[in-house]
Amino acid sequence: MTRRTARLYALAAATVSLGAVGAGTAFAETPTSCQAKYVCLADGTVFGGPAASYPDTPTDSQITARQIVEDCAVDRQADAPGVACGFYPYGEPETKGYGPWEPLTADYANCRGGNEQNNITYSDHSEYTTSNSVTVGASVEVGLSELVKASLRTDYQYTWGSSEGTTQSFSAFVPKAHKAHLQHRYQRQQVTGVLWIDYEHTGTGPLQGHGHHYWALTDFTATSPVKDVDDQTVKDQVSLSKPQPVAADDCAG
């Protein structure tokens with residue numbers, strides 16, 4: 001038995017389906033959060049499942065997790081006709097510590113030695129934005145930040161979303177015959193919940209539900225920088241990457 005089949009059997013045993021036709025329910029009924037992690041319709045239909053329960057490729061009656069996320073992004077960015085989407089968080093955001101180091105500048109190669117003239121400097125604000133991803137064979141990054149932010153409890157909205165970093169300037173010396181770049185990292189927070197989508201049309205065309213009006217993706221996680229409560233900035237850290245020996249072409253010319 002494959003992992004996906006096992007998950008589907010578990011969902012069936014719990015009388016939870018991935019999608020719902022919504023018999024007797026008009027399009028654009030807003031589902032409600034229910035049973036801790038699923039969504040429900042007024043007629044008692046319970047639906048939703050994790051990304052691993054969805055197929056890798058769509059069929060006439062099965063949508064992919066990737067399409068749910070991407071169609072929600074389209075609806076969020078352009079108010080797509082015939083599509084409604086929402087997010088119910090399971091709880092408040094959780095701080096997850098600092099993320100990986102990311103480059104701020106290109107490599108600087110110190111080919112001739114020297115002092116101040118070989119300092120590498122950075123003087124700017126970094127822009128931080130919310131990312132949302134679901135792994136379905138590949139990471140899908142979409143613009144759902146406002147959807148997630150609007151769905152969080154009012155007490156936590158001020159910590160979520162886009163922000164500027166606090167770094168004004170930073171300089172470091174690169175040793176002779178080495179190259180390096182400035183890098184930064186910041187604290188992350190995550191919120192997990194159920195992402196639901198409602199299609200007016202159940203066909204297999206663009207922005208259509210593949211046999212069902214309603215689908216829901218459980219355990220959907222969104223990530224955002226941790227913003228300071230007082231000044232709304234991200235407290236980023238900046239450092240010099242580990243210097244590496246220069247290659248011959250680094251110093252050509």
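Quick look at the numbers
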item	result
Computed over the chain: relative contact order in percent, which uses C-alpha pairs under 8 Å that are six or more apart	27 percent
Region 40-100 - percent relative contact order, Cα under 8 Å, separation 6 or more	14 percent
Distant-in-sequence amide H partners of Ser162 (H built 1.01 Å from N, under 5 Å)	Thr130
Ascending count of other beta-carbon atoms within 10 Å, so fewest first, for Thr57, Thr105, Thr130, Thr121	Thr57, Thr121, Thr105, Thr130
Nearest 10 degrees, 0 to 90: helix 65-78 Cα axis against the chain principal axis	80 degrees
Cα-based helix-to-principal-axis angle, 3-13 vs the chain, degrees rounded to 10	40 degrees
Ellipticity estimate at 222 nm from DSSP helix runs (n ≥ 4, -39,500 (n - 2.57)) divided over the chain, nearest 500	-4000 deg cm²/dmol
Links that overshoot a 23 Å alpha carbon limit, given the list Lys96/Lys235; Lys176/Lys242; Lys37/Lys227; Lys37/Lys96	Lys37/Lys227
Global form of region 37-88, assessed from the alpha-carbon gyration tensor, a/c cut-off 1.5	oblate
Total formal charge among the other residues, if their Cβ is under 11 angstrom from that of Glu70, Lys/Arg +1 and Asp/Glu -1	-1
Rounded to the nearest 20 debye, dipole of the chain from Cβ charges on Lys, Arg, Asp, Glu	880 debye
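Computed from the coordinates by the stated procedures, all read-outs in this text should not be read as laboratory data. Since this is a predicted model, take the numbers as computed values, not measurements. FYI the Cβ positions are ideal-geometry reconstructions off the backbone, even for glycines, and counts take in every protein chain you see.
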